[in-house]
Every structure is written in C-alpha cells, then in structure tokens.
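Taking it in order: structure first as structure tokens, then the write-up.
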Ligand code: DAH
C-alpha cells in the first residue's frame with residue numbers, strides 16, 4: 001500500500017509538471033484526487049489493512065494528498081499567469097500605430113469670404129435678404145430702370161428661360177423685392193447669392209456669386225456710400241486700405257461709380273496685377289436712381305439711397321491671389337486646402 005501511495009505521488013507529480021493548461025490540471029486533479037480518483041480509491045481500501053498499519057498508511061496518505069494539492073495549486077498559479085500573459089499578448093493594442101485621420105469637411109473659400117463680408121455688414125446693422133435665382137424680366141431689368149430694348153441690357157449676357165423669365169444676371173433684383181416689402185420704411189440690406197451670365201473665361205464663370213447692398217432713408221448721400229465702402233474695404237483688406245470712386249454708368253444708379261481699392265499685390269505702387277495703375281476694381285455702386293425708388297413705391301422727394309454690388313469671387317481672388325476663377329469651381333481638394341476656411 002505504501003509503495004502504491006508513493007507511486008501515485010510520483011505519477012501525479014510527473015503529470016502536474018507536464019500539464020500545459022488549466023484544463024490539463026483539472027483533469028489531473030480528478031484523476032488522482034477526485035471522488036473516483038486513484039488516491040481516493042486507494043484510501044477506500046484502508047479498511048482491509050491490519051489495524052496497526054492504518055495510522056501509518058493514513059498519515060502517509062494525508063501527506064501525499066497535501067503534497068499533491070500544494071503542487072496542483074502552485075501549477076495552477078503558474079499556468080493561470082501564463083494563460084493571462086498569452087491572452088494579453090493576443091489582445092495587445094499597438095498604440096504606436098498612427099491613427100486613421102477622419103476626413104473633415106470645411107468651408108469653401110467662397111463661402112468663407114461671403115461670411116466675412118456678411119459679418120462686416122451685419123455689424124453695421126444691415127439685414128440679409130434673399131431672392132430667387134430664376135427671376136422675372138421685370139425684377140431683373142424693368143424695375144431697375146432697364147426697360148425692354150434698353151441698350152444697357154447688353155452689359156449682361158443673359159440666359160433666358162422664356163420671354164419673361166431669366167436666370168438672374170445680378171443680385172440687384174433683390175433690391176427691388178426688398179423695397180416692395182419694406183416700403184415706406186427705411187431699409188439697410190445686403191443680399192448674397194448666385195448669379196448667371198453667358199460668360200466663361202479665366203475671370204468669368206457662367207455662375208458666380210455677388211453681394212448686393214442697399215440703404216434707403218431720409219437724407220442718404222454719396223458721402224454715406226463712400227464712408228460705408230471705406231469701412232468695408234478696411235475691415236476686409238486691412239486697416240491701411242483706401243478706396244477711390246471713378247464715374248461710371250449703371251441704369252439703376254445716378255450718379256454711378258466703379259470703386260477701386262489699393263492693389264492687394266503691390267499696395268498701390270503699380271504691378272502686373274493692377275496693370276501698373278496701383279488700383280483694383282472691386283465693385284459697382286451709386287445713388288439709387290429716383291425712377292427706381294418710385295417704381296418700388298418710395299417717394300424720391302422724401303428719401304434717397306445708395307446701392308452697391310460686388311463679386312464675391314473677385315474679392316476671394318484678390319484676397320488669395322487666385323488668377324483663374326475656375327479654380328474656385330473645380331472642387332480640387334489640393335486647391336481648396338490652401339485657403340483659410342479650406343480643408344484642414
Ligand atoms: N448689378 C451690377 C452688376 O452686376 C452691379 C451693381 C452696380 C450693383 C451698381 C449695384 C450698383 O447695386 O449700385 O454689374
């Protein structure tokens with residue numbers, strides 16, 4: 001019996017040493033110490049021993065069980081740690097891998113410039129108005145003092161939808177719509193939006209953006225227009241900016257002017273960009289023609305107004321030194337990324 005016990009101990013210890021997993025260990029435990037295990041079965045036979053041998057064998061059996069339990073516990077600890085380490089290694093996250101950059105949308109340079117212009121005029125108390133891009137001949141032309149067959153209609157190459165309907169060639173019709181809506185109250189509005197012309201080259205796109213401005217009140221003068229535009233030019237292009245007004249012609253204003261700022265490339269010295277003049281044209285403006293006021297219901301003997309219209313594309317091109325307007329519409333990310341408000 002003693003030999004058998006020692007043999008079981010040796011066998012069990014060998015098996016424990018060879019165990020490779022916790023599952024192996026459990027199997028070994030059952031095989032030797034379980035209810036039907038080898039050690040347990042052997043102990044059951046104790047009854048057949050002579051009484052004087054029982055204490056000795058019993059003691060030895062207990063020692064063997066203790067030894068095996070201890071060995072099992074130690075092996076359990078070792079294997080559990082190994083398994084844990086394997087698991088951690090398997091699930092390891094490589095934090096040195098560069099992350100995937102999420103693609104982030106951004107504001108198109110044209111919208112960025114539009115918002116800056118809007119902010120400047122909002123700061124001066126202007127409201128922002130809107131009007132339709134498919135416009136009637138009346139709002140686009142007639143009400144702006146451009147009756148049918150007026151030669152100045154040729155200033156703008158128009159997309160006609162039918163006899164009475166056009167794609168608006170400028171944002172000026174929104175002047176008329178706003179005057180009709182507000183009359184006889186004073187008003188101060190801007191209107192940004194898309195406009196369309198049959199034009200397509202490096203500086204003209206068939207669709208482009210304008211911002212219209214209109215102020216009507218008692219006693220508005222050309223000085224108000226000049227002051228407003230100077231303030232705008234300085235906010236937009238820098239505190240040293242200057243403007244100059246050149247006499248011009250628009251049917252809806254009298255007098256009319258084309259407005260220049262100091263060349264953004266040479267600061268007035270003269271360069272290729274400004275054709276050596278030192279100035280760059282940025283907008284058209286003037287005092288609202290009395291006939292335009294009257295057609296929209298205002299009494300031109302009581303109120304006066306000024307108006308201006310500028311190309312957002314042109315402002316963006318001057319600000320960023322873009323030489324071809326088509327860059328703004330090709331949606332090439334390599335181009336767009338280069339501008340503030342462009343893709344990060
Ligand atoms: N509507 C003109 C154009 O598109 C621009 C313009 C000129 C607007 C003078 C105005 C203005 O309001 O007063 O060419």
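Rule-based calculations on the coordinates, nothing more; no lab input. These numbers were taken from a predicted model, which means no experiment stands behind them. Cβ coordinates were reconstructed from backbone atoms using ideal geometry, including for glycine residues, and neighbour counts include every protein chain displayed.
Here are some notes:
- Cα-based shape type of the stretch 156-271, given that a ≥ b ≥ c are square roots of the gyration tensor eigenvalues and the cut on a/c is 1.5: oblate
- Projection of the Cα convex hull of the stretch 46-105, averaged over all directions and equal to a quarter of that hull's surface, yields 7.4 nm².
- Residue exposure sequence - 234, 81 - by fewest surrounding Cβ within 10 Å: 81, 234
- Helix-only CD estimate at 222 nm, as mean residue ellipticity for the chain, using -39500 (n - 2.57) per DSSP H run (n ≥ 4): -12500 deg cm²/dmol
- Which of 271, 191 has the fewest Cβ neighbours within 10 Å, and the rest in rising order: 271, 191
- Average Cα contact separation per residue, the stretch 146-271, under 8 Å, 6 or more apart, as relative contact order %: 17
- A straight line joining the Cα centroids of the stretch 142-220 and the stretch 1-49 runs 100 Å.
- Prolate/oblate/rounded call for the stretch 109-336, Cα gyration tensor, a/c under 1.5 rounded: oblate
- Neighbour-count ranking [beta-carbon atoms within 10 angstrom, fewest first] of 100, 168: 100, 168
- Relative contact order, percent, the chain [alpha-carbon distance under 8 Å, six or more residues apart]: 15
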